[in-house]
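The values are calculated or read from the model by the stated rules, or taken from the named source; none is laboratory data. Since the model is a prediction, treat every value here as computed from it, not as a measurement. Because the Cβ atoms are built from the backbone with ideal geometry, glycine has one as well, and the counts that use them run over all protein chains shown. Surface areas here come from the heavy atoms of the whole protein model, side chains and all, with no ligands, DNA or RNA. Shrake-Rupley method; radii C 1.70, N 1.55, O 1.52, S 1.80 Å.
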Amino acid sequence: MKFTKYTLDNGLRLIVHQDKSTPIVAFNVLYDVGARDEDEKLTGFAHLFEHLMFGGSKNIAEFDKPLQAVGGQNNAFTSNDITNYYITLPKQNIDTAFWLESDRMLDLAFTPKSLEVQRNVVIEEFKQRYLNQPYGDLWLLLRPLAYKEHPYKWATIGKEIKHIEDAKMEDVKAFFKAHYNPNNAVLCIAGDVDPEEMLEKTNYWFGGIKNQGDYTRNLPKEPKQTEARFLEVERDVPQSAIYKAWHMCDRMHPDYYAFDLATDVLSRGNSSRLYQTLVKEKELFTDISAYQMGSSDEGLFVISGKVKNGVDINVANLAILDCIKEVQKYPVSNQELTKVKNKVESTNAFTHMNVLNKAMKLAYFELLGDANWANEEAEKYNQVSIDDIQRVMKETIVPSNCSTLYYKAKN
Amino acid sequence: MLDRTIAPKAQPIDNINFILPDHWKLENGIPVYSYHLGSEDVIKLDVVFPAGTKYQTKALVASTVKNVLNEGTDKYSSKEIADAIDFYGAFLETELNNDYATVSLYCLNKHIDNVLPIVLNIITSASFPQNEIDKYLNRSKQNYLLGQEKVATLSSQAYVKTIFNGSEYGKVATEEDYDQVTREDLLAFYQKHYTLSEATVFIAGNVSPVLKQFIEGQIGQLPIDKNDEVTFNFTLPDYKQVNVFKEKKGAIQSAIRFGKPTIKIDHEDFNHFQILNTVLGGYFGSRLMMNIREDKGYTYGIGSGISSKKEIGNFIISTEVGSDVTKDAIKEIQSEINKIKTELIPEKELNIVKNYILGSLLKNTDGPFDLLERYKTIHFNGLADNHYDLFIQDIHSATPEKLREIANKYLTDLSIIVAGSVDFR
């Protein structure tokens, strides 16, 4: 992916990727703020704020309508690390994207009505996705078990509904001033566009926006876990589930790629070890997966599965541990390593079929430090050796570093 | 001086260019449609069969065939298939709806030689080992039970039964059905419906001459039984308007559905109904979203849609709302339906919707994979090749008067289905 990078005087970074094959432009604005930047007493704010960003800005009453009127679509998401806003629209109407995104970076309307309504919408989202859903509260349980100090201990939706109910206008405004600044954002434009022209337009629309706050991220480091943690809950669900989480490195650490491939060896595709052994051969689980959270700060390596009814949950848990021991004791085969690397290669190729995917990826890596890392990733995965996978599994996937949650079905 | 209160001038969306696929027949007569587009060295290859759920005479047979298809053949075990597909970084997906089953392969061009023969072996010689059937049904039954804990699932099941009552589209499996499926059922269905004489192949991506030649050498050389043509007679639903309540004790949200059977995509009113639906609940700025989410805050999301299947269409409004506002939400939905039937849609709103649909169409015909999906719609519904051009014409010419007429014609006798803890009746 070729791109051109510029930095405006106010610190806004602009990445332009030219793809002449499409009539659609992707316009992606990434803010360097996520749930980890929240006050522990005001959790769920980064996400609530994402909703408020659609409630009208300083000079524009409504965000969605003018965009829809020129054939555009948009959405956004918030994670523990970032908040990402994206628009796709016909390239001839790109000025509308500049106009809308720059005005809401400049200032929001902050109407009491918008706050009131979005508070309710987010509360319904909390209910729909986390409470009224089998296993929905799982991350609300597992995060605080695994993290004691770092703000990853709460989920993006927030610790509890009350924090959202109590959100005040002054807190909302303070959050905007601290985080929604040009020097805290990356704009990435991908499509049939000219980079110099995009720079000109970016200067025109965003150049005059001043930085209003000066946030320095200074998060508590998670102390090293020294003994196994365990939590058991009972819920009205049709089958029991096990979740196990181990602390691992951060996103920029060289071992990140070895961890990622280790999870692929364990659970990517039907040929993977956990699926073949625990679902197909031993029939202890009805589904199982291993993944890492991809967090910017030190993340989690997770194995989770739904235990087949009639199977003792402790037996199921031991079977997971056996699979882990296997990888720690015997190196994975060359064939397995090539397999997971081939999967990474093809996933990349399919991802790059779409301008929006490309824009999001470039913006994300720029925020991490350098957009070009998006292009270097393939090689980093390629460099991972059999020894690397065995080493990270041995060093990290150990009982004293593990949090286990038994999510048991009543009866 | 930059005046931020003035919107940039909107440029017309007149660059929608729906390209038709290349089309040819393989040596054995199987039709192929392909888009040779895109910068990456990848392809998606779909083989579509008339093997949808409507053909099954026993519950779960079509879905079990679809899911156990790649769990063993005359040549390979389940594990060997999984190993090979994964090793080459390919993705094998099977999809099923009421009318068709699709086997899709996503693959880097450089590995197609190794992967396609396995996929074809699955299509022609799946063996349906009993132990794999048992394992699948067991896992699937647990998923079914999980679904029964969700108001959204309960409500959708009741919706299907109500709207398609008495027709092949209106059947919903029960827990007991999972114990009734036999290997003989699966083999019979597979032999009858996954037949190459009825198959259609779609390819998108880097469809190079080399690839075409390879496809001819592989798929084009498969032997075909000419004698089994799939015939089918659909029973039309015996629909009447009802209000249905499915109790889920303790639920803190209610899943609400409104709906009825309706016209298909080949009907002359369909395009206008689609535009009307977009105004009502078909996009983020729709009336239902604006009222029930953005004004009242009752829900995280609400939407409406028209689904056109092969035999008949259906209209649906769908949302999950807080239990305490169940009745209020239903009242607001009804008032929006009434409003769109009585009042003319303001020109300004209609223009937004028109441009929104045009923009979506531009986006949804961008790139080989999207174009392929759009073309399938044309192909399987027997629409004219210029269907999307006609749709664009209808978008431009739609008037508020015409849309009100459509609303009164099609938004009548809607059933209301709710799953949750609050009986709304």
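With a cut-off of 12 Å between beta carbons, the residues surrounding A:N132 carry a summed charge of -2, where Lys and Arg count +1 and Asp and Glu -1. Report summary: the helix-based calculation at 222 nm, which adds -39500 (n - 2.57) for every DSSP H run with n ≥ 4 and divides by the residues of chain A, gives -12000 deg cm²/dmol.
Assuming a ≥ b ≥ c are the square roots of the Cα gyration tensor eigenvalues, decide whether region B:243-420 counts as rounded (a/c under 1.5), prolate (otherwise, with a/b larger than b/c) or oblate. Because a/c hits 1.5 or more and a/b exceeds b/c, region B:243-420 counts as prolate. With a Förster radius of 30 Å applied to the C-beta separation of A:D250 and A:Q212, the computed FRET efficiency comes to 0.55.
Quick note on region B:22-221: its Rg to Rh ratio, both from C-alpha atoms and Rh being the Kirkwood radius, is 1.00.
Here the contact order of chain B, divided by its residue count and restricted to Cα pairs under 8 Å and six or more residues apart, works out to 22 percent. Within 10 Å of the Cβ of each residue in B:144-152, the mean number of Cβ atoms contributed by other protein chains is 4. The residues of region A:229-409 have, on average, 37 Å² of accessible surface per residue, using a 1.4 Å probe with all protein chains present.
Taking amide H as placed 1.01 Å from N in the peptide plane, A:K159 has its amide H under 5 Å from the amide H of A:T43, A:G44, each at least 5 places away in sequence or on another chain.
Protein-only accessible surface at a 1.4 angstrom probe places the residues B:D46, B:D83 in the order B:D83, B:D46, largest first. Counting only other chain Cβ atoms within 10 Å of each residue's Cβ, the peptide A:340-346 averages 5. In the context of the full set of protein chains, residues of region B:22-221 present 37 Å² of accessible surface per residue (probe radius 1.4 Å, heavy atoms only).
The modelled label-to-label distance between B:F234 and A:E116, using points 7 Å beyond Cα along the C-beta direction, is 4.8 nm.
With heavy atoms of protein chains only and a 1.4 Å probe, what residues of region A:3-40 have at least 30 Å² less accessible area in the full set of chains than alone? Buried on complex formation: A:P23, A:I24. Protection proxy ranking for A:323-336, A:172-185, using the average of other Cβ atoms within 10 Å per residue and placing the highest first: A:172-185, A:323-336. With the convex hull of the Cα atoms taken as the outline of region A:153-295, the averaged projected area works out to 15.6 nm². Dividing the summed helix terms, -39500 (n - 2.57) for each DSSP H run of n ≥ 4, by the number of residues in chain B produces a 222 nm estimate of -12500 deg cm²/dmol to the nearest 500. Relative contact order of region A:229-409, taken over Cα pairs closer than 8 Å and 6 or more residues apart, is 40 percent. Here region B:217-253 and region A:266-301 have alpha carbon centers that stand 33 Å from each other. Per residue, region B:243-420 exposes an accessible area of 36 Å² to a 1.4 Å probe, with every protein chain left in place.
Pair-distance distribution of the protein assembly as shown: all C-alpha pairs, bin width 20 Å, starting at 0; shares per bin in whole percent are 14, 46, 38, 2.
Interface of A with B. Using a 1.4 Å probe and counting protein heavy atoms only, the two chains hide about 6300 Å² of accessible surface, both sides summed. Each peptide in A:209-217, B:245-253 gets a packing score, the mean of other Cβ atoms within 10 Å over its residues, and the list from highest to lowest is B:245-253, A:209-217.
Averaged over the residues of B:64-75, the number of partner chain Cβ atoms lying within 10 Å of the residue Cβ comes to 0.
When the solvent-accessible area of the protein assembly as shown is split by element, carbon and sulfur atoms take up 47 percent of it, the probe being 1.4 Å. A simple rule links phi to the HN-Hα coupling: the Karplus curve 6.51 cos²θ - 1.76 cosθ + 1.60 with θ = phi - 60°, which for region A:187-192 gives 9, 10, 10, 10, x, 7 Hz, with x for Gly and Pro. Considering region A:229-409 at the alpha-carbon level, its Rg and Dmax are found to be 17.2, 51 Å. The simple spin-label model puts a point 7 Å past each Cα toward its Cβ; for A:D370 and B:Q218 those points are separated by 3.9 nm. Here's the picture: charge each Lys and Arg Cβ at +1 and each Asp and Glu Cβ at -1 in region B:243-420, and of B:Y300, B:I275, B:S397 the one pushed furthest to the positive end of that dipole is B:Y300. Going by the alpha-carbon gyration tensor, a ≥ b ≥ c the square roots of its eigenvalues, is chain B rounded (a/c under 1.5) or, if a/c is not under 1.5, prolate (a/b greater than b/c) versus oblate? Verdict is oblate for chain B.
What full-extension length gain, to one decimal in nm, is calculated for A:E160 and A:K173 as 0.36 nm per residue of separation minus the Cα-Cα distance?
Contour length minus the Cα-Cα distance gives 2.6 nm.
Using the Cβ-Cβ distance between A:A378 and A:A76 with R0 set to 45 Å, the FRET efficiency works out to roughly 0.95. Take every DSSP beta bridge whose two residues both sit in chain B; close to 85 percent of them are antiparallel. Here the Karplus relation 6.51 cos²θ - 1.76 cosθ + 1.60, evaluated at θ = phi - 60°, turns the backbone of region A:396-411 into coupling constants of 10, 8, 10, x, 5, 9, 10, 10, 10, 10, 9, 9, 8, 6, 4, 6 Hz, with x for every Gly and Pro. For chain A, what's the relative contact order in percent, using C-alpha pairs closer than 8 Å and at least 6 residues apart? Relative contact order for chain A comes out at 22 percent. Computed over the alpha carbons of region A:5-60, Rg followed by Dmax gives 15.8, 48 Å.
Estimated from the Cβ-Cβ distance and a Förster radius of 56 angstrom, the FRET efficiency linking A:L219 and B:D225 is about 0.25. When peptides A:1-14, B:258-271, B:318-331 are sorted by average Cβ neighbour count within 10 Å, with the highest value leading, the order is B:318-331, B:258-271, A:1-14. Cross-link reach is defined here as a Cα-Cα straight distance under 18 Å, omitting same-chain residues fewer than 8 places apart; for B:K226 the lysines meeting it are B:K25, B:K192.
Computed from label points 7 Å out along Cα-Cβ, the spacing between B:N386 and B:V172 is 4.4 nm. Phi-derived couplings, Karplus 6.51 cos²θ - 1.76 cosθ + 1.60 at θ = phi - 60°, listed residue by residue for region A:165-173: 4, 8, 4, 10, 4, 5, 5, 4, 5 Hz, with x used for Gly and Pro. Note on region B:22-221: antiparallel DSSP beta bridges, both residues inside, total approximately 85 percent of the bridges counted.
Each other residue within a Cβ distance under 14 Å of B:E80 adds +1 if Lys or Arg and -1 if Asp or Glu, for a net charge of -1.
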